[in-house]
1. From the cross-link list Lys158/Lys380; Lys154/Lys380; Lys240/Lys380, which pairs have alpha carbons spaced over 30 Å apart?
2. Which distance in nm do the two modelled labels at Lys380 and Gln5 give, with both placed 7 Å along the Cα-to-Cβ direction?
3. Calculate the spin-label point distance for Met259 paired with Lys15, positioning each point 7 Å from the Cα along the beta-carbon direction, and give it in nanometres.
4. Arrange the peptides 86-97, 236-247 so that the one whose residues have, on average, the most other Cβ atoms within 10 Å appears first.
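Any read-out appearing in this document is the output of simple, stated calculations on the displayed coordinates, not a laboratory observation. Remember, predicted model here, so these are calculated numbers, not experimental data. Virtual Cβ from ideal backbone geometry, glycine too; neighbours counted across all protein chains shown.
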Amino acid sequence: MRCPQCNCENPDGAKFCTTCGAPFMNERVAPSGSDTNPASSPAPTEVRPAVSDDASQQSAGDIQNQTQQARKKSRRKIPMVLFIVLVTLALAATAFGAYYVYTQILHPQQEQVEQPKQKGKDKPNDKKSKQEGKSESDGAEKPNARQKAIDNAKAAGKTVLPGTIRIFETDAQMADFQGVQNPNAGGYECGPYAVFAFDSTAYVTAGHADGSPGSSGESASMVLLAQGSDVDAWTSYDGKHVTCALGAMWWPSDTGLPMGAPWALRDVQVLLDDGEEFSNVSNSQSSETSTSASSSSAGDYILPDSSTRLYSASELQSYSQYELMLARNEIYARHGRGFNDQEIRQYFQSKSWYQQRYTAEEFDSLPNSPLTSIEQQNIKTIYDVEHSK
């Protein structure tokens, strides 16, 4: 028989549905051994177990929940199967890619590497390791060599500072960089300039042009490295950030450019950031090379460094008044000035380096003097010592 509630099949004679527990409305059954005559026996009373409505509703709800859970499980199986399929495909693709890379790329290279080995040549891997070891050792040596040079410079009493080398072609550019008024405006052009601008203001020890020592507490933001034609030695370092080891420095006696900057015109050592070392040859001359006996070995000049560094009065005391007169005019002769005095003119015409380009009047009337501030200061110092004798 079928249950009127859930429509499930049940055995005949069942009083309750085996699936949902709903009671059946059965016909009356006579007990065994009793009178079967319906007229002689009382009508039996139908006995039905008491089933509450709450229990019936709860059983129906349980069945519904179980049905829904079964449907959810069946739905979950589909994404899980798809995920397993996708993972399997991904693993298969990865394995195929690895096999392709090994067989088509790595394996041929391995054969090429092993072939020279069979011929008795050096192992490429060994060469590579040696080259790598060499490059690593070189990289470790550069900072050590640079630091050693810095330590040696400090031990020698030099001022070691970081900064940037700058080149300025004109007085106006130099004045603009310092933010000052151009003192040479309308006058002689004294550029170009090569300066070393410190990263920050520093206290330096600088002497004075007359040979007197300077104090150690004077601050500066830059130093002058070269001026005029000597700037050419520094052009390749324009704009580079370096560390400079500065030797002796002087404060200029005039108010020329660069303003408030000492001169470091010799014994300047430059250390680039990559460890390369550079010494300016034109500025590395000793201050004690100015003797009349050495003029023939220094290009036949009396003062070979008069255009690149300042001479002090004490350095010039060993020269005679006549030698000082020639040394003073020697600075003009380097720029091609002619001389009206016959003796002076014959003296410089005997020098291989001298070439006259101007008469004395033409040179003196030039709107922009070719003399640098270094040369002008040396002329003044030589003149003072010359006339003090």
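1. Beyond 30 Å: Lys154/Lys380; Lys240/Lys380.
2. Once both label points are built, they end up 12.4 nm from each other.
3. It works out to 12.2 nm between the two label points.
4. Per-residue mean Cβ counts within 10 Å order the peptides as 236-247, 86-97.
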